[in-house]
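Have a look at the structure below before the remarks.
The values are calculated or read from the model by the stated rules, or taken from the named source; none is laboratory data. Worth saying up front: this structure is predicted, and the values here are computed from it rather than measured. We place every Cβ from the backbone using ideal geometry, glycine too, and count neighbours over all the protein chains shown. Protein only, heavy atoms only, side chains kept; ligands, DNA and RNA dropped before computing areas. Shrake-Rupley method; radii C 1.70, N 1.55, O 1.52, S 1.80 Å.
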Amino acid sequence: MTSPAAPHPGGCLCGAIRYTVSAAVSGLRACHCTHCQKTSGTGSSVNAVIQKKDFALTKGTPKCYTDKADSGRLLQRFFCGDCGSPIYSYRESTPERLVVRAGTFDDSSGMKIAINIWTRSARPWSWIDPATEQLPGNPA
């Protein structure tokens, strides 16, 4: 599934950080790893995987936290230093791809979760649509 026409603006809860994604967003990815559970405060994070070249900050400068993910890879997590909203992240091994938190888009109505990853660590109360692709860890 591809979202309606780009661009896709978004930002944090308080408005200090704003961005635009200039490309169409294909199916969203829900990550159930324990780190995404902690950073989201819920059972998963829902993300759009995009090319870095298609992302532009238009307001503010996010803070960054370097995390060692469940996969063992280093992950740069960017968030608003004022309200704490997680905005995007990227793996140090693939800095050309960004993972944007879908809940920060101003309008995500045309987007749908297509794949669930790290399902082996999903909370027992997390609902996973059986029609989506499901992977116990990271995609290949």
Fill in the blank from the handout: If R0 = 22 Å, then residue 129 and residue 26, at their Cβ-Cβ distance, give a FRET efficiency to the nearest 0.05 of 0.85
Handout entry: Amide H partners (placed H, <5 Å) of residue 30, local residues excluded
Key = 47, 114, 115, 116, 117
Handout entry: Calculated P(r) tail over 19 Å for region 1-127, as whole % of Cα pairs
Key = 45 percent
Problem - Along principal axes, Cα extents of region 33-105, largest first, whole Å - result: 31, 27, 19
Practice task
Would you count, across the chain, every pair of lysines whose alpha carbons are under 22 angstrom apart, provided the pair is eight or more residues apart or spans two chains?
Solution key: 6
Handout entry: Estimated inter-spin distance, residue 138 and residue 14, nm [label 7 Å along Cα→Cβ]
Key = 3.2 nm
Practice task
Report, for the chain, the % of DSSP beta bridges that are antiparallel, rounded to 5.
Solution key: 85 percent
Handout entry: Loop chymotrypsin sites (Phe, Trp or Tyr not before Pro), region 80-140 (other Cβ atoms within 10 Å of the site Cβ: 13 or fewer; DSSP)
Key = 125, 127
Handout entry: Cα lying deepest toward the dipole's positive end in the chain, options 94, 113, 14, charges on Cβ
Key = 94
Problem - region 51-134, accessible surface, carbon-and-sulfur percent (1.4 angstrom probe) - result: 50 percent
Practice task
Can you run the Rg to Rh ratio on region 70-114? Use alpha carbon positions and the Kirkwood inverse-distance Rh.
Solution key: 1.02
Fill in the blank from the handout: Candidates 15, 27, 43; GNM for the chain (alpha-carbon contacts under 10 Å) flags as most fluctuating 15
Exercise for the section: Mind grabbing the accessible area of residue 63 for me, 1.4 Å probe, Å², rounded to tens? Expected result: 120 Å²
Practice task
Give the accessible surface of the chain per residue, rounded to a whole number of Å², with probe radius 1.4 Å and ligands, DNA and RNA excluded.
Solution key: 53 Å²
